[in-house]
1. Would you mind calculating the relative contact order of segment 3-287 from Cα pairs under 8 angstrom and at least 6 residues apart, reporting the percent as a whole number?
2. Roughly how many Å² is the accessible area per residue of segment 52-192, as a whole number, for a 1.4 Å probe?
3. So for 103, 83, what's the accessible-area order with a 1.4 Å probe, most first?
4. Placing unit charges on C-beta atoms (Lys and Arg positive, Asp and Glu negative, everything else neutral), compute the dipole magnitude of the chain about its Cα centre in debye, rounded to 20.
5. Pulled fully out, how much extra length does the chain show between residue 154 and residue 207, if you take 0.36 nm times their separation in residues and subtract their Cα-Cα distance?
6. For the chain, modelled as a GNM with alpha-carbon contacts under 10 angstrom, which of 27, 58, 215 fluctuates the most?
7. Between residue 169 and residue 124, with labels modelled 7 Å along Cα→Cβ, what's the label distance in nm to one decimal, could you check?
8. Distance from a point 7 Å along Cα→Cβ of residue 54 to each backbone N in segment 95-109: keep the residues under 17 Å and list them by number.
Amino acid sequence: MSFLETIRGMKFFDMHVHMTSRTTDDYQAMADAGIVALIEPAFWLGQPRTGVDSFRDYFASLVGWERFRALQFGIRHYCTIGLNSKEANNEALAEQVMEILPLFLYKEGVVGVGEIGFDDQTPAEEKYYRAQLDLAREANLPVQIHTPHRDKKQGTSRSMDIALEHGLAPGMVIVDHNNEETVKEVLDRGFWAGFTIYPFTKMGNERMVEVVRQYGPERIMVNSAADWGISDPLAVPKTAALMKERGISEEAIRLVTFQNALTAFGQSGQVSAEDLEQPIDIDQSQRYNGSSVLRGGQAPRVDKASTIIK
Ligand SMILES: [Zn+2]
């Protein structure tokens, strides 16, 4: 039985996925699997940017073209805007990025400041993490924290300490990329705990099932963090299917794959249950600044099971 049959009728919110790096096939597969909304955090491109204008264009695409592109597949696209931790280490450029962040944080569909935090845990990363926490507090926006892959436990604790120092309520902070070592402290301190399902390494979804079994579904949420690397944009629906097969209740699954993300990021005032209920009129011939997702003369939907490419 396909996992799609296991989760038929369920809907999902992937609260961390970098769609700019993904294809229209991914969008179609996500829509077919029940993903109705997603959050695209601003991050790095796999190589460092050389000027502030590439940040400006990237942020503009997150609130513009990518948002439009998702809607053509029936998926609502939200984003978080911020200076990622890796590029915070280029201080001359980081200063310029800080200047333009307020131009984007108040735009429609921006549900938080993110993904920000620590990578190598350098002084420059801390400086711009702190500065962006202040921006989030001023804008009354949730914060999406990227926790470091190296020295994770200590980096996660420190990220939370600093957020509290800057006056953020734990309920306004989503700490992402958790694992079994970090989750207890994050939940005990009242923060939201995001989990990224990484294929082949780190956090596989069997481990995720056990985390939910042990800690329950409160304040836990699952994401794919799919990007330009080896990753799976269907990680959320697949994890839901596995949870169902392994006896996790449907209500718990709903919380960790949909509702908790909506509740946490809904505090931005930019996304609500009512918004997600509104029907989307999918017309792939629509244009955004003159561009559509179709190439000359294409029909809007493709029968993916057919070997014939029309
Ligand atoms: Zn990311």
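1. Working: 535 pairs, mean separation 60.1, N = 285.
Once normalised by length, the contact order is 21 percent.
2. On the way: 5020 Å² over 141 residues.
That works out to 36 Å² for each residue.
3. Working: 103 105, 83 0 Å².
Heavy-atom accessible area, descending, gives 103, 83.
4. Details: 32 positive and 43 negative charges, 128 e Å.
Using Cβ point charges on Lys, Arg, Asp and Glu, the chain gives about 620 debye.
5. Numbers: separation 53, 0.36 × 53 = 19.08 nm, distance 2.12 nm.
Gain on extension, residue 154 to residue 207, equals 17.0 nm.
6. Looking only at 27, 58, 215, the largest GNM fluctuation is found for 215.
7. For the pair residue 169/residue 124, the computed spacing is 3.6 nm.
8. The answer is 95-98.
The values are calculated or read from the model by the stated rules, or taken from the named source; none is laboratory data. For clarity, every value in this text was computed on a predicted model and none was experimentally measured. Positions of Cβ are backbone-derived with ideal geometry, glycine not excepted, and every protein chain shown enters the neighbour counts. Each accessible area value is taken on the protein alone, full model and side chains, heavy atoms only, with ligands, DNA and RNA left out. Shrake-Rupley method; radii C 1.70, N 1.55, O 1.52, S 1.80 Å.
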